Each structure stands twice: as C-alpha cells, then as structure tokens.
Amino acid sequence: MQRIGVFVCWCGSNIAGTVDVQAVSDALKNEPGVVFSANYQYMCSQAGQNLIKEAIAEHRLTGIVVCSCSPRMHEATFRKTAAAAGINPYMVEIANIREQCSWVHKDMLTGTEKAIILGKAAVAKVNLNTPLTPGESPVTKRALVIGGGIAGIQTALDIADAGFPVDIVETKPTIGGKMAQLDKTFPTLDCAACILTPKMVDVAQNENIRIFSYSEVTAVKGFVGNFDVTIKKKARYVNEDVCTGCGACVEKCPMKKVPNEFNLNMDNRTAIYIPFAQAVPKVATIDPMHCNMLKNGKCGVCSKVCAAGAIDYKQQDQYIEEKYGAIVVATGFNPISMDKFDEYAYNQSKDVITSLEFERLTNAAGPTAGKLLRPSDHKHPHTIVFVQCVGSRCSACAEKGKEYCSKICCMYTAKHAMLTRDKYPDTEVYVFYIDVRTPGKNFDEFYRRAVEEYGVHYIKGMVGKVSPEGDKLKVQASDLLNNKQLHIDADLVVLAAAIEPDKSARPLATMLTASMDTNDFFTEAHPKLRPVESPTAGVFLSGACQGPKDIPETVSQASAAASKVISLLVKDKLTGNPCVASSDELMCNGCSSCERVCPYGAITYVDKEFRMPNRTIAIRRVAQVNPAVCQGCGACTVACPSGAMDLKGFANNQIVAEVDAICK
Amino acid sequence: MQVNEKKPLIVAFCCNWCSYAGADLAGNNRLSYPADVKIIRVPCSCRVNPMFVLRAFQRGADGVILCGCHPGDCHYTSGNYYTRRRMAMLFSMLDYLGIEKERTRVEWVSAAEGAKFAATMNDFAQTVAALGENKRLEDLRCKR
Amino acid sequence: MQKITRDVLVEKAASLLENGTVDRVLGWKKGEFDYDLTPAVFTSADDLKDLVWNDFCGANFSKYLIANTKKSASKVLVFLKPCDTYSFNQLLTEHRFDREKVYAIGIPCEGMADISKIKAVTGDGISSIECGEKINVTTIYSDDTVSFDLSDVMAERCVNCKSKKHVAYDELIGEEGDVIESGRFDEVERIENMTADERYAFWQNELSRCIRCNACRDVCPACTCEKCVFDNPNHSLENKAPATSFEEKMFHIIRAFHVAGRCTDCGECSRVCPQNIPLHLLNRKFIKDMNTHYGEYQAGAEVGSRAPLVNYTTEDVEPGDVFEGRE
Amino acid sequence: MYRIAKDSINLLFAKIAEENALYLPVDNEKGSSEYKKWEDGTVMSEKLNTVRSPKDFFFPQVENLMEFKTEGKNIQLIDIREDSEDFVVFGVRACDVKSFEVLDNVFLNEPVDTYYKNRREHGVIIALACTRPAETCFCGTFGIDAASPAGDISAWMTDDTLYLEPNTEKGEKIIALLGDLVTECGAEAVEAQQESTRRIMKKLPLADLTTDAFGGDKTEEFFNAPEWATLSESCLGCGTCTFVCPTCQCYDIKDFNTGKGVIRYRCWDSCMYSEFTRMAHGNNRLSQLERFRQRFMHKLVYYPANNDGMFSCVGCGRCLAKCPISMNIVKVMKTLGGKNNG
C-alpha cells in the first residue's frame, strides 16, 4: 500500500479563485492510500517544494499527487522535488486543476467538484505507480543540419567550432539560401553578400563541416543520440571533387535560355551552371531538364571544354547513410505564390513584382546589374507603389493567404523605399500599409528616416486593384486616414508577399516525427522556454522553419540551436524516458502484432526457455522491447491481444483506475 | 442539498503532445467547456485500448471522446493512424450492437487548437446530453 | 466433385506413420453416436480403425498443432479442410507452431452437416446416421429412415463457405477448389439495416443467453494467448461470469476486437456455442468493415500478411465517417 | 393423483402464478428451450429438456452475497440478500430433479449454504415425466426412472391430460391452491405411459451403461490410469460441460468494485479452467489432464466417497450434446470402466 501525500496548489488566485482548495485537500485526505493532504499558495515555489519535501520525510510518503497547473508545466519540477526528498520521481502524479479546471470553469462549486474528481483520479493512479528508472543510450557525436541558408550556416559553424562534426544538407547546388539573393540588409544597410559570403567560405573551409549540396534527406530512423539518416545526393553530372569552378563550361554551354531561378527567372542561365559567383561549393551543376546531352545525347560541349575532366554524364543519384546524434532543421521559407492575387495583376504585368524580385533588381549581381529598371521595358520607373501585407494577416482569405504576420515585410519595404529614394530621388515612392510594425533595435528610427528624411509616401490603406493600362499600372487604393480613394499611375508595383515554410518541411517533419502547426511551421517544444527545440527529442529548429524571422533573429536562434546541439553532443550517454513499453514474457504468445505497429522498431523477438507444468521446459518466442529505442507511444499495448505488452507510467491498470475514479 | 439532475459524464482521452496541450491552451485562453468533461492524459491516442472506452461506459460515462494529433502530426509518427482504424472499427461495432454512435467520438486537436478543443467539448457535451443517460452500455451494479 | 472416403485418409495416414514421416495423426475419432466425433491423436495403424471422415467432421485441427508440434521430434500429420487451411496459415503468421513439424494433407470438403438441423426434422432419439450420397437417419421412434441432402442440413458456415481452395498443404487429396463468392455478409447487412433499437434488442437477446463457458474462445484458432486477458487475475478485464448485460457485451466485443484482422471466419465459435449465439456475426462485422474501409483482406490467405489493424494508410476513413450512408 | 385437461393447462399456470413466480421451459428462436417466467400467453416447450439446467433456480450463475460501502476511511458491511419470492418450477425432468439431491448434499450439509437453502425453501418443483428420451439420455445408469420423476409434485402429460401427484407438503399446498381446477383420479392413468417410456429407455443406445466400475473406493484404481491422457488430449478446457451440468456446483467468490463500494458475489466456476482454485502458491492442477481427470473423478469417485455412494451425474446428457469436441462422461466411463460399461 502506498503512503500518498496530496498537495493542492492555489496558484495564487489562478486556482484558488475558482476552486475551494481547502475542500479539495480535505476531500482527498480520505482517498485510499492518502496519509497527508495540504494546500499552499504556490507549490512550485521554493517554499512550496520544501513543504512537499518535509511532508515526504515526516510522513514517509511513497508517492505524491500535486493538484496544480498542467503537468506539461511543472511535472518535471515536482519530480525533481520528489527525487530530492528521496522518492522515485515517477511516483509523482499531477492533477491538472488549473488549465483543465479553474481556468475553464467559472463556478466555484463546479470547479471544486471537478478538482476533487481529478485529484481522486491522480490518487488512484499513484496507488498503482511503480518506481521507474530511465535507461541509457550512447550519443553519436555528429550533427546534421538540414538547410544551408544563413540559419543552417550559423548553426553548423557554431557546432563545428565546438569541435563536433557537422553535415549540412542543402537541396540547391549551393548553400547561402535566401540571404544570398538579398541586396542590402535592414536597418544597417550593409550588403547581404558582404556579410554572408565570408561565412559561406568559413563553412567550406571548416574541417568539421561537410556540405551535401544538391542533396536531400530521404529517410530518418532512430532517436535522439542515435539517428540513422539517409541522404540522397542528386546526380549533378559533375564530379564535385574534381571541378575547380573555373566556369569554362558555363561560358561554352550552348543552352543559354534556361530561366535563372537564382534571379527569380528574370534572366536566363545556361544548362550547366553555377548559381552565383560566390557559390559554395563552387562547382558546376548540369540541369538535366535542359541539357541536350542528357536529354538526347547530342552535345557534350562542357565535357570537351572541362580541363579537369569533371563532367560525368553517367553520374547517378547516390544514397549516403550516416549516423547523427542531433538533427537541426533549417529549411527556411519562401514567398507565397501570387497566382491567387489577381487584383494585383501579378500574372498580367511584368512590372508587378514581389519584394524578393525587387531585391534582385537592385542587386549589383542581379539581372539588371543593380540598376532599377522595369522588367517589361527596362526603363527607369518614376512612380513605385509598394503594397504591404500581400497574403499576410489575411484572416478572411485563408485559401490564398496566411493568417499570420510575415514579420519582415515592414522593414524590408522601408528599406526598399528608402534605397530607391536615395539612389533615384526623382522617383515617387508610395507604401500602402495596414500597420507599420517596427519593434526591433533601430527599426522604428529606420522607418521614420524613410518617411521623414527620404520623403516616402506612407499611406494607411490597402490597394484594391492594379490594372495595367499601356505602360502604366493604374493603382486604385484607399487612404484610410484621409478617407479618400486614390488613383496612382505607377510604373512599378512591388508586392510584399507573405512568407511560408519551404514545401520540403512537411514531409521532413513526418520523417522526423516532429510536429508542425497548421501553417506548416515546426512547433517548438515550448513557445517560450524551449523555442529552438522540437518536441521530438534530438530535433532542433533554426530560423524561419519555426516562424517568420529576420536575419538577426535567425542568426541568434541558429546559435541557440547550435548550443542546444552542443550540450547534447558533449554527453556520452543519454538517459531515456523510463515510460516505455515492456512485455510480460509469461503472457506473450509471440504473435508479432506489437512488432508490426511499433514505429521505432523497438520490439524484437527471442526464443526463450520457460519452465512449464510438471518440470517440463518449453521454448517460446516472446517479444522484447529495447527501452532505448522505445519512445513510449503505447501502440503495441493495444495491438497485443494477450495483455502482455504494457506501458510503464501509463499502464493498463493505471488508466483503468483513472477511468474508474472519474466515473465514480 | 438539492438533488442535481444527472449531468452527462464525459471521459476525454487526450494525447500528451497535441490534444492535452490543446486543452491546456483552451485553459490558458479561458475558453470554457462543461465540467462534465474529464480528461485522462495518455502519451498517444494509440495508447487507448477499447477496453478503456468500454470500462468508462460501464462505470457510468455517458460519452467517450478520444483526442489525438492530426493525422500526419503524431508525435510518434503513426500512432494516431492506428487509433483511427481501431476506433473506426470499435465504434462501428458498438453501433452494430445498437449503441448510440453519438456517444463515441474521435477528434484531432493540435496543441495550437485550444479553441477547437473547447468547441469540440462543448459540442460533444451537448450531443451526449441530448442522448440522455447511457443505458445500453451501463452496468447496473455501478449505478446506485 | 468426388467425395473422398475415410479409407483414403486411413490408408494415407497409415503409410505416413509406417514410413516414419509422422509419428502422430490428428483426425476425427468416432463417438457414441454417428455424429459426435472427437478430435483425436492417432499414433498407430491400429488406432486408425476409429478414424472417421463423414459429414460431421467440423472440428478444425489447426489450433491443436500448437501443442502437438511440441510433443515429439517428429512431424504430425494433420488433415485440413479448405477453411482449416486459413487458420493454419494465420497461426503460422503468428509464429504459433513450427511449419517443419507438420505434414499437412489438404482434403476437399463439400460442407458439414449441422446435427441440430437434422434433429429439427427427426426429433431426438437418433439411432444411426449414415453419410453417403444422402444422409440417412434412423431414430428409435420410427422404423423409417429419413434421408437428407447434405445441402438441406448444412451448417450455416458451410452454406456461406468462402473458399474451397486450400491455401496451405504438403499434399492434396482430391481436386482443388476455388475461392468462392458467398453470401456470408448478408446477415451482417440485414442487422446493419435494422434501426439502432432493433439492433440493440437483437444483440441483447442473443448475448443474454451467454453462459461464459468460453467454448467460443477456447475453440477459436485465433485465440491462442498463453493466458487470455479474461482469465488473467492481474488484468483489469479478468472476469468469469456474465454478471450483467454489460459483462456479456464486454467479453464478446473485446474478443471480437482481439481477433479482428486475425479471424479467418472459420465459424468454429458459432458451431460450439451451447446457446447457439451467432458469434460469427460479430467477427464478420469486423471483416466486412475492414474489407469496406481498408481493402479486401482475408486473414490466413497468405502467411505473413499484415492485418488491417496493424496497418494503416494516411487516407483512412475517419471514425466518425464509418457510419456514413447508414441510419 | 389429480388430473386436469391439457386444454386447461393455462388456467393451472395462471392459478399457480397467482401466488408464486412460475417458471417453465419455453422454446427460443434458436430451436432450444430455456426456463422463462410464465405470463399470460406463455407456451410451454415440447422439447425434452432445456440447455441450461434448472440448477440456476437454487444456485444461480451469479449471486450477490454482500456489499461493502466505504465512507471516508470507514467500511460498512451491507447484507444485500434478496428476499426470495415463492416460486414454482414446472416441467423439471427426472434427471434434473435428482440433481437437486446432489446439490443438497453439498449445500445443505454443514456448513449450510444459507443462500442456497433460502432459495430451496422457497422453490416448488413440479417434475414432468419423460416420454420421448433422447439418444443422449442415460439417467437409468444412475437409477433414475424417467417415467416416474420425484419432486414436490410429479407430473405426467398425455395427449389430452396432465396428471399431478403431490409428493411433499409443498406439493400438497400447490394442489390445494389449484382447488377445483383439478380432479382426483387413480394412479393407473399414467401406467401405460410409464411402461412405454421404460420400454423406450431400454432401447436407448446408452441403456447398458453401468456405474459398476466406479464408486468411492476407486481412487487408486483410476487416478493414474494412462487413459486420461488420450481422453483429455483434445479437451479445450472450456466450461461448457460444467455450466450445462445440473450437478456441477463449483463456484468462485469475487469482488466487484462499483466505485461506490464493493459487491461480493459468487459465480459458477469450472474445474476445467486453468485458473480454477488458484491459490497463493499458484495453481494446484497445472495441466488439462489433471483438470479433466478432476472433473470425472469427482463425479464418479470422490463424490460417491463422501455421499454414501451417490454419483454426481444424473445422466441428463447435456454434456454429450454440448461439448464442443464431443468428449463426455459416457466416453470416460466406457474407456475407464472397461467392457462392463457398454
């Protein structure tokens, strides 16, 4: 029989406001096994924890129930408290009487009644708890970073700096990501390439970092400390180790009309290409969709001109299997498609562009060599309209846009407007906005300079329609502050498209068993306290895959993720979750149902000798669970018809006891 | 004390990673739902054995709802897919035995869907209340 | 199709015993009357004089293989009707016995007779039954012989036979049959089409007769647990008696669920129920539902196949939608 | 002896039901019969016997014994014994009547089972003579005359008349209750039927089965008999034989926690079950052979040893009809008892 202590928390008035805590602790005093029951203002405080420790010592408690906030909040706290007082931390159960009781019910009587029942269920469960000890597993001291943008680069550099090997997997032929496409960065206006490319070079030169460019992750197995990852290196038809990046092949390639995705298809590249001058790795890649040699065997020019002999038309996709201790997701973002925003005529006029396209137009390495020229006629635009929140904060148009704020648009639009006015003072610049959001270091000052020093016309209101007419774009908009309709004849319209997670994120999340929100951003383990960890142990989040971010935020999160990875990789062993499945070999009949449903391959079968009636021995096939691999989902427990498979911490009889207590 | 009209009792099994967190979020946002709903935390919806569901009815529950991560979002990759098949079969069987199908439900509620959690519970509680007491899966020994 | 005779089986068994291929034979042994055959182990040619093959050899031997393959180093000979072979494969899928320890002879089956259907006509007091082209029955109450066509007194499960094909054997006697279309889900459908109240009344009536003798479970080739949860004092399902109508339902729902995807629809449960509860209709409901929602699946058709409940697709039907199109 | 026209039998039932709960065999849609409470319109089954024996009336499959309630940390014991109503069971066959004697020896000897006694005292048995025994019948083996059943009242049904012969005070009271409904008559009225039945009994396939080889002193002779191995070989270990048997009387006492208290109840148990008589040290009969042997040794050896040679089988034939593998006491008796047993 357990000796259970019940501790009812007031949580100030959070619980005590709707739940009669005294009544709860009194009622639970009479439950089977309960020998002590008390309530206190803040159980999680030092004083509250001391109360628990003292009660454990004084009443020789074997188990405790804390009626408090969600176990997701303080279960770990109270487990530590219990451990410090000398009882097994898994002898602690939490009755969630805050989030699932006092905060959702308004009436004191109702709240108290329910709190007592939840407390009884927790007591019933603790009565059946058994001390649990976590198992241990080794840690592979190597990290995988998925995505080679600024987030992935920073994370990889930091991990490598700590002395651990890191692999970066990047789908594009080069690392660099979105930042490589940007011109200047707000609010300092330093050039993106100037600060990014040295880091890219650092990556290339770091002995601890391997880059798998033009590659993708195709399978992930295992668990924290012990991931087995399959990486597909797509055939680039160029031997990476041999290619010097001289560019002779690119120069001679006869296939010159391939849309250049790096410049957002605003100019063309060749079929064999290096995305940009500072690409890392600086090796050529053949685009199999456009290469005549690969398509119909007629060409072979690049092979002839390559002095290094790097061209290999027979190259195959290559699968690499590697073990990792930790995985960082840094898959980044993309602007959303403008196809559904017909009102802005994006698909009707070349002169309606997105902000990222604007970046390329103003970038010295871009299609216009940095001169701001209209895509349609390469003329200098004199009136530019910037439209903010295109697809962002779009609660009514969920089918084409996003409900959330994309966060970076206000600042980059201010940057674009300011730079335009700075370089081309003859250009009138209008910015239509819903709100201007500038909560960042030097952000508001930056925005005000745009308005006050550079004379950018900021107009609160949305653009209703853009209609191409001749070489003009007729912009109809409303000015909410002056309550009037505006008609502007613009030369160029720039849309601040919302950003969304990269499409590769969703399948990746499935492979990683990492959870995502409805917008396909990766969910963090805790929105405030564990912002760079995924709920899946060993998977970390870096950059915009977790939510919209600007560069400084991305970099700081990337470093944070790296430090989390480092603190994982420095460990030689991990202690696991002790709430794992275990098989009662006497009951197991070896049917394999459990093995079939286990998502982790944690169950294996062995032939074992059993003593049978009348001194006979029988060899039976029975299931065994690898506690280091088992994650404790419990799928096997239901698949098992014999009731041989049970889950520690969530055992059949424990859950049944909870059901019984609730249904009393 | 006045004898209260018997309120429907609802047992909600919530997976730790999504739905239990969704319920917490409903609490954080002070979204109310009937106190008749009592939550039991399980690591994953796939931990829920049909016997738990039947047991709840036996002991006096009027409705049983399972909440898990959305299909594809299971913390354990595939747990809720098994839940989906198992409960589809169990519920169909209960219906086959003439037990009101409205008394059982599976809902996918993510950690971010506090509002959906509250709305689901409100709706389910209402549905179950309309059905009245569970008579067809009750155990008379537990009713006194 | 030519009916095979008892003598063919005896001859075969005797020669396999003789040449040492097997050291034991699982077969049907004659009883006090002509219909009460007992599954038995025959170890010598002399024993085999009591081996019977007639229209009452319903018992499925597959489950006996679990114990009998462990009894000696030699093989055991088993006679399998087509439906028995599905159980045989399912048990192999679940690693319940060593295939190498079995010599399986597939025997064709035209269906088995149900003695209660015969007695419904003749009444009690049967003094003899002869199985041949016709089933000839005499009773102590009459000098006349009553003749039946097998089809008139065939057991329900045989009327709705799903397969005359053997899916496993080492040797086949007689001709091989085919998987056949059967009306085995008609009765399930009939119940589905009742109103909820009617369904409830139907099952309440059927299950209320349950005496929890466990015959359905103990005969079931899918119920091969070392110890059934209902017998395990450490399990919360442990229960010995249908104390309330809830307990009746609990037992049968859980049992049907535990064998869902593993039940081959051999029909033994209903055959042995002393109270004639149509237990197969519970199992068939699961089979029908799984076929409808997860694709056709026949447990035991192949060794090693993955049953629907230990499988999934990302596009599966939602639990709330399985009722669609129904009342 | 009394008689009543068969046409008026419903009047008789109605009269009995005025003061007693009346149970009689009724056909169910499955082609078998079961005891049901009589109400106006109930038609008595013509079947030879019910699947479940009438032992349920005195020794039900599940019977609540007492209840515990907890309030805080106090425990309170509640007697939940139901006040048994007076009841009459009509149509019990000779074999089943005899089974009550077997049960009485167990339950009414010290220590008296008051639950059983209570029901026994409130029950009246109207036994009905058999006319068309089945091939599975072998009551004669145990000295039972199917044509002359015991019981509080013995009854015979002919094509047109029901004859009643009270044997006990309880039986007399029922006859008194019937009053004018029945007319007195001589016992010779049923002799022809009795003779016919007895003739049929001799023709039954199991008519020659005897108990000669068995009895209380045969433990050593049979306990280690090698035949048990083959006899029990295919036993499934289910409880069908025990649960349809009118004389099997084993039960388990279990607690059911209702959440508000504990109901202590007893329910039938079967010596065929692997968990039967599981004790702190485990189980005392580990193999199905041992469990199977126990059942038959009990019926044919141990019980007679304790009950002046009375066997605890009445030859009703239910196990012959219902065993899933058709293994039964007749096969055991014939195998162990040698040629004397048929």
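Quick rundown of the values:
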read-out	value
Semi-axis lengths (Å, descending) of the ellipsoid that matches the C-alpha gyration tensor of chain D	34, 30, 16
Net charge of Cβ neighbours under 12 Å - reference residue A:151; Lys, Arg +1; Asp, Glu -1	-2
Other protein chain Cβ atoms within 10 Å, averaged over every residue that makes up A:611-622	2
More than 29 angstrom apart: percent of Cα pairs within chain C	42
For residues of D:205-217, the mean tally of beta carbons on other chains within 10 Å	1
Cβ crowding within 10 Å averaged over residues, with D:331-337, A:49-55 ranked highest first	D:331-337, A:49-55
Paramagnetic reach from residue A:563 (point 7 Å along Cα→Cβ, amide N under 15 Å) across the stretch A:518-533	A:529-533
Per-residue [θ]222 nm for chain B (sum of -39500 (n - 2.57) over DSSP H runs n ≥ 4, rounded to 500)	-12500 deg cm²/dmol
Residues of the stretch D:83-121 with amide N under 20 Å of the 7 Å Cα→Cβ point at residue C:141	D:91-96
Check: chain D dipole with +1 on Lys, Arg Cβ and -1 on Asp, Glu Cβ, in debye	1340
Computed over chain C: relative contact order in percent, which uses C-alpha pairs under 8 Å that are six or more apart	16
Local net charge near residue D:26, Cβ-Cβ under 10 Å (Lys/Arg +1, Asp/Glu -1)	+1
Sorted peptide list for C:259-267, A:88-96, criterion being average Cβ within 10 angstrom, highest first	C:259-267, A:88-96
Length released on extending from residue A:339 to residue A:371, taking residue separation times 0.36 nm less the Cα-Cα span	8.8 nm
For the protein assembly as shown, alpha-carbon Rg relative to the globular expectation (2.2 N^0.38 Å, N residues)	1.15
Taking only Cα atoms of the stretch A:4-126, radius of gyration then Dmax in Å	12.7, 38
Relative contact order (percent, whole number), chain D, Cα cutoff 8 Å, 6+ residue spacing	21
Mean projected area in nm² (Cα convex hull; one quarter of hull surface) for the stretch A:581-648	4.3
Degrees between helix A:443-452 axis and first principal axis of chain A (Cα, 0 to 90, nearest 10)	30
Whole-percent pair-distance distribution, where bins are 10 Å wide, for the alpha carbons of the stretch A:334-500	11, 41, 39, 9, 0
Simple label model, 7 Å out from Cα along Cβ direction - residue C:149 to residue D:199, nm	3.8
Dipole of chain B, positive direction: furthest Cα of B:93, B:117, B:58, with charges on the beta-carbon	B:58
Assigned charges on the beta-carbon of Lys, Arg, Asp, Glu; the protein assembly as shown dipole about Cα centre (debye)	4540
Convex hull per residue volume in Å³, alpha carbons only, for the stretch A:248-305	76
Hydrodynamic radius by Kirkwood, which averages 1/r over all alpha carbon pairs of the stretch D:103-171, in angstrom	13.9
Overall Cα dimensions of the stretch D:209-333 - principal axes, largest extent first, Å	55, 29, 26
Of the GluC sites (Glu not before Pro) in the stretch D:1-105, those whose Cβ has at most 13 other Cβ within 10 Å and which sit in DSSP loop	D:29, D:39, D:46, D:82, D:85
Approximate spin-label separation residue A:348-residue A:452, in nm, with each point projected 7 Å along Cα-to-Cβ	4.0
For residue D:4, net neighbour charge (Lys/Arg +1, Asp/Glu -1) across residues whose Cβ lies under 15 Å away	-3
Value at 222 nm in deg cm²/dmol, rounded to 500, when DSSP H runs of n ≥ 4 in chain C each add -39,500 (n - 2.57)	-9000 deg cm²/dmol
Only Lys, Arg (+1) and Asp, Glu (-1) charged, at Cβ; the stretch C:186-321 dipole about Cα centre in debye	580
Dipole of the stretch A:4-126, positive end: most advanced residue of A:101, A:34, A:70 [Cβ charges, Cα centre]	A:70
Förster-model FRET efficiency, 41 Å R0, residue A:265 and residue A:318, C-beta, rounded to 0.05	0.90
Value of relative contact order over chain A, rounded to a whole percent, pairs C-alpha under 8 Å and six or more apart	13
Sites residue D:229 and residue C:170 - FRET efficiency at Förster radius 30 Å, r taken between beta-carbons, to 0.05	0.65
Candidate lysines - alpha carbon under 17 Å from residue A:460, same-chain residues fewer than 8 apart omitted	A:484
Cα gyration tensor shape for the stretch C:168-220, rounded if a/c is under 1.5, else prolate or oblate	oblate
Loop-located trypsin sites (Lys or Arg not before Pro) in the stretch A:236-318 whose Cβ has at most 16 other Cβ within 10 Å (DSSP)	A:256, A:257, A:298, A:314
Rounded Å value of the spacing that divides the Cα centres of the stretch A:150-184 and the stretch D:225-287	70
Pairwise Cα inverse-distance average, inverted: Kirkwood Rh of chain A (Å)	29.0
Two-site label geometry, residue A:204 and residue A:244: point separation in nm, points 7 Å out along Cα→Cβ	1.4
The stretch B:6-144 - convex hull of the alpha-carbon atoms, volume per residue in Å³	90
Sum of -39500 (n - 2.57) over DSSP H runs of 4+, divided by residues of chain D (222 nm, nearest 500)	-8000 deg cm²/dmol
Average beta carbon contacts from partner chains per residue of B:105-111, 10 Å cutoff	3
Stretchable slack from residue C:70 to residue C:100, in nm (0.36 nm times residue separation minus alpha-carbon distance)	9.7 nm
FRET efficiency, 1/(1 + (r/R0)^6) with R0 56 Å, evaluated for residue B:102 and residue D:71 via beta carbons	0.95
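Computed from the coordinates by the stated procedures, all read-outs in this text should not be read as laboratory data. Source: prediction; values computed, not measured. Please note: Cβ atoms are built from the backbone with ideal geometry, for glycine as well, and neighbour counts cover all protein chains shown.
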